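Asks: So that we are looking at the same thing, I have put the structure below in structure tokens.
The values are calculated or read from the model by the stated rules, or taken from the named source; none is laboratory data. Predicted model, so just to flag it, every value in this text is computed and none were measured. Reconstructed Cβ throughout: ideal geometry from the backbone, glycine too, with neighbour counts over all protein chains shown.
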């Protein structure tokens with residue numbers, strides 16, 4: 001009994017001198033851009049841990065030894081009731097905003113992806129109208145205040161709970177799912193809402209995670225809506241508190257020292273900026289792997 005051996009030849013791609021030069025220049029450019037991005041971040045971190053007695057330039061402070069760092073600014077912020085309240089409010093807006101946005105956007109995107117939907121073309125155009133022609137700030141303000149959302153955290157995320165752009169991306173992802181899966185469920189007698197929940201959503205984790213992060217970053221950093229609709233101190237969010245810190249310290253450097261303890265004004269400002277970015281920095285690595293897949297597949301037919 002004879003055995004035939006099959007040999008596989010691995011063909012290696014040989015780069016030319018121009019290709020190596022091109023990739024080398026690209027790497028140099030990326031390293032340069034990384035350094036440009038890293039310098040302000042490192043400056044903010046080192047500024048937040050400088051002791052109040054530090055005397056020197058910002059460059060000297062960036063290379064301050066670790067054993068001379070001080071955590072007074074962070075302990076002052078975390079021990080301040082106003083900062084903790086603002087942080088919790090922002091966290092509530094983030095969680096409720098993402099949940100409500102996905103609950104409202106996903107069904108709309110699924111309806112737009114159904115091929116046999118009567119009047120589908122008209123409905124798509126109707127959805128695009130507010131995306132292309134913004135109604136403006138004053139009508140939006142009158143609607144939000146008219147339905148009694150003033151001084152409610154829901155006024156920050158409900159007006160922007162449905163993004164047309166995000167809806168179209170999710171619709172494109174739903175359209176990329178094989179139609180045979182939906183047809184087999186319809187043959188078995190499943191209604192459309194059950195098809196969406198039991199068939200479509202389990203296959204849509206990449207796009208849901210991606211769009212959820214889009215919504216989350218938007219709600220977490222939302223400054224304008226909170227400035228318009230929130231007037232109570234106990235409902236302030238982190239962007240508003242950070243703005244108050246920056247404005248107050250610009251007018252009187254002793255205001256924030258009295259409010260947050262013994263830390264310097266610059267350290268308080270830097271620490272507040274850093275702490276406000278920490279939740280997004282923590283969440284991003286867990287969702288990064290879904291970014292390319294979710295956005296690419298969602299934009300194929302969008």
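Asks: Looking at 259, 267, 226, 283, which one is within 26 Å of residue 150 (Cβ to Cβ) and either at pLDDT 80 or above or in a helix (DSSP H, G or I) (or both)?
Replies: Going through 259, 267, 226, 283 in turn, just one is within 26 Å of residue 150 (Cβ to Cβ) and either at pLDDT 80 or above or in a helix (DSSP H, G or I) (or both): 226.
Asks: Please list, ordered by first then second residue, the pairs with beta carbon atoms under 8 Å, 6 or more apart or interchain, first in segment 116-137 and surrounded by 12 or more Cβ atoms within 10 Å (Cβ to Cβ), second not in a helix (DSSP H, G or I).
Replies: Matching pairs, first to second residue: 120/114; 123/117.
Asks: Continuing with this model, one more query. Have a look at 84, 66, 91, 96 and point out the one that is without any contact (Cβ under 8 Å) to a residue 40 or more places away in the chain and surrounded by 11 or more Cβ atoms within 10 Å (Cβ to Cβ). Write out each step before concluding.
Replies: Numbers: 66 fails: surrounded by 11 or more Cβ atoms within 10 Å (Cβ to Cβ); 91 fails: without any contact (Cβ under 8 Å) to a residue 40 or more places away in the chain; 96 fails: without any contact (Cβ under 8 Å) to a residue 40 or more places away in the chain.
Among 84, 66, 91, 96, only 84 is without any contact (Cβ under 8 Å) to a residue 40 or more places away in the chain and surrounded by 11 or more Cβ atoms within 10 Å (Cβ to Cβ).
Asks: While we're on this one: Can you name the condition, by its number, that residue 51 falls short on among (1) farther than 29 Å from residue 156 by Cα; (2) in a helix (DSSP H, G or I)?
Replies: Going through the list (1) farther than 29 Å from residue 156 by Cα; (2) in a helix (DSSP H, G or I), residue 51 breaks only (2).
Asks: Now, a different point. Applying the selection to segment 184-200, what residues are under 18 Å from residue 109 (Cα atoms) and surrounded by fewer than 16 Cβ atoms within 10 Å (Cβ to Cβ)?
Replies: So the first thing to find is which residues in segment 184-200 are under 18 Å from residue 109 (Cα atoms), and the list is 191-200.
Answer for segment 184-200, where residues must be under 18 Å from residue 109 (Cα atoms) and surrounded by fewer than 16 Cβ atoms within 10 Å (Cβ to Cβ): 191, 193, 194, 197, 198.
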